[in-house]
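Undergrad: Just passing along the structure, written as structure tokens.
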Amino acid sequence: MPFFISFRKPLLNIVKAFSTRSFINQYLPVISVACSPGKKSQTSKIILSSLDNSWETLKKRIRNTSQIDWRFKNIQDSFFVSELKEIGGKKEIAVGIFDGVGGWETSNIDVKCFSWGISEKTENIFKEQTKKEDTIVEALKKGFEEVLMDKNIVGGGATVCLGQFYYEKGNIKIINLGDSGYSIYRNGILLFKSNIQTHFFNAPFQLSKIPLDLLKQSKEGGKTYLKNEVDDADIYNHDLKHGDVIVFATDGVLDNLFFENMEMIITKTLVNAGIWLKSGQNVLPYEGNISKDQLLVATQVSKHLVVSAKKIAQNTKIDTPFAQEARKHHFFYKGGYN
């Protein structure tokens, strides 16, 4: 059964701005989140910044505030930003995005139950980890196992992109499964982007839970369901430098924005804020002490990317990454992808 993501996707974007000269902590990254619900009449107004709130307060804003709660809990994407218990005197941060695969709706399954469930379970397990290495990978495996055993989560599937930031080493470990992903920008240039994993066109790798009745029907009808394991994911490790920016995004962003567009938006925003400086033909990171106002630019980067992706998604004439990929597979498609 192909899982075509044909619903009006929300656009979820997380930006991490890495600075070794932060006024808060020598290694503390700045994390902001921008979210735009799927309906065209709604605008991207949800901006959360790690500088304004403790992690617990951040979560409470999402879950307890009526406006934010409605906007986040009525979409099929989920995310978390969480701290690990102290290991060796240093805390570590993990971020994760989970994009519920909309094709499950054709089987009358509430997709957000799976994506929100695996997000919450993975986060809770991550926070309790005491193992030094591979904590985010192990947390995802255990979180997925708990979802499979949870009778309240009937079924569904989600793509996953998780990152764990290591303070002492100044690097990040990322695990990515499916067609969400991340990209790293350094001194005005795209440094790296993750690979997309698909079974076939518009059918991403996904962690999924298949109800027993559907499994029985599929065997009788000769159908198959898409299902992957955590071990199918790509794992990346990156050493980070002062001024680096990491963008985590679901396909609502990646289907509509080319990486050169993202590079331009990020560079313009950071140069205007004085975090990156123009030097002839080059862009260099600011070497002085970075103020709180400057660090809050991560919030603006996140918002600009989401707003741009949303506008393009509604344009039926423009060329997009999704349209180009569709043509490669002999499907005629033009415009943004909702």
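Undergrad: Within the stretch 155-209, work out how many residues are touching a residue at least 24 places away in the same chain (Cβ under 8 Å) and not in a loop (DSSP other than H, G, I, E, B).
TA: Number of matching residues: 36.
Undergrad: While we're here: List pairs: first residue in the stretch 125-146 and within 19 Å of residue 176 (Cβ to Cβ) and among the polar types (S, T, N, Q), second residue assigned to a helix (DSSP H, G or I) and modelled with pLDDT under 90 anywhere in the structure, Cβ distance under 7 angstrom, at least six positions apart or on different chains.
TA: Close Cβ pairs satisfying both conditions: 135/126.
Yes/no matrix, rows are residues, columns are (1) under 26 Å from residue 151 (Cα atoms); (2) at pLDDT 80 or above; (3) in a strand (DSSP E or B); (4) more than 20 Å from the chain's Cα centre (by Cα):
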| site | (1), (2), (3), (4) |
| --- | --- |
| 63 | yes, no, no, no |
| 71 | yes, no, no, no |
| 75 | yes, no, no, no |
| 98 | yes, yes, yes, no |
| 115 | yes, yes, no, no |
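Undergrad: Looking at the structure I just gave you, is residue 134 modelled with pLDDT under 75 and not small (Gly, Ala, Ser)? Lay out the reasoning, then the answer.
TA: Details: modelled with pLDDT under 75: yes; not small (Gly, Ala, Ser): yes.
Judged against the criteria, residue 134 is a match.
Undergrad: If I go through the stretch 205-257 residue by residue, how many of them are out of contact with any strand residue (DSSP E or B) (no Cβ under 6 Å at 6 or more places or on another chain), among the acidic types (Asp, Glu) and either surrounded by 23 or more Cβ atoms within 10 Å (Cβ to Cβ) or within 24 Å of residue 276 (Cα to Cα) (or both)?
TA: Of the residues in that region, 2 qualify.
Undergrad: If you check every pair at least six apart or on different chains, which have Cβ atoms under 7 Å apart with a residue in the stretch 266-288 that is more than 17 Å from residue 303 (Cβ to Cβ) and of a type in the set (Lys, Arg) first and a residue that is surrounded by 13 or more Cβ atoms within 10 Å (Cβ to Cβ) and modelled with pLDDT of 85 or more second?
TA: Close Cβ pairs satisfying both conditions: 278/271.
Matching residues to (1) farther than 19 Å from residue 94 by Cα; (2) at pLDDT 95 or above; (3) not aliphatic (A, V, I, L, M):
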residue	(1), (2), (3)
139	no, no, no
145	yes, yes, yes
160	no, yes, no
164	no, no, yes
168	no, no, yes
171	no, no, yes
177	no, yes, no
183	no, yes, yes
190	yes, yes, no
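Undergrad: Next question. Looking at (1) touching a Lys or Arg at 6+ places or on another chain (Cβ under 8 Å); (2) surrounded by fewer than 22 Cβ atoms within 10 Å (Cβ to Cβ); (3) under 18 Å from residue 247 (Cα atoms), which is the one condition that is false for residue 95?
TA: (2)
Undergrad: Within the stretch 258-267, which residues are touching a strand residue (DSSP E or B) at 6+ places or on another chain (Cβ under 6 Å) and more than 14 Å from residue 188 (Cα to Cα)?
TA: Listed by number, the list is empty, since nothing qualifies.
Undergrad: Going by the structure shown, is residue 200 over 30 Å from residue 280 (Cα atoms), among the aromatic types (Phe, Trp, Tyr) and surrounded by fewer than 18 Cβ atoms within 10 Å (Cβ to Cβ)?
TA: On the way: over 30 Å from residue 280 (Cα atoms): yes; among the aromatic types (Phe, Trp, Tyr): yes; surrounded by fewer than 18 Cβ atoms within 10 Å (Cβ to Cβ): yes.
Considered against the rule, which asks whether it is over 30 Å from residue 280 (Cα atoms), among the aromatic types (Phe, Trp, Tyr) and surrounded by fewer than 18 Cβ atoms within 10 Å (Cβ to Cβ), residue 200 comes out as yes.
Undergrad: Which members of the stretch 319-338 meet the condition of being assigned to a helix (DSSP H, G or I), in contact (Cβ under 8 Å) with a residue 60 or more places away in the chain and either closer than 20 Å to residue 264 by Cβ or under 18 Å from the mean Cα position of the chain (by Cα) (or both)?
TA: 321, 322
The values are calculated or read from the model by the stated rules, or taken from the named source; none is laboratory data. From a predicted model like this one, the values you see are computed outputs, not experimental measurements. Glycine gets a Cβ as well: all are built from the backbone with ideal geometry, and neighbour counts include every protein chain shown.
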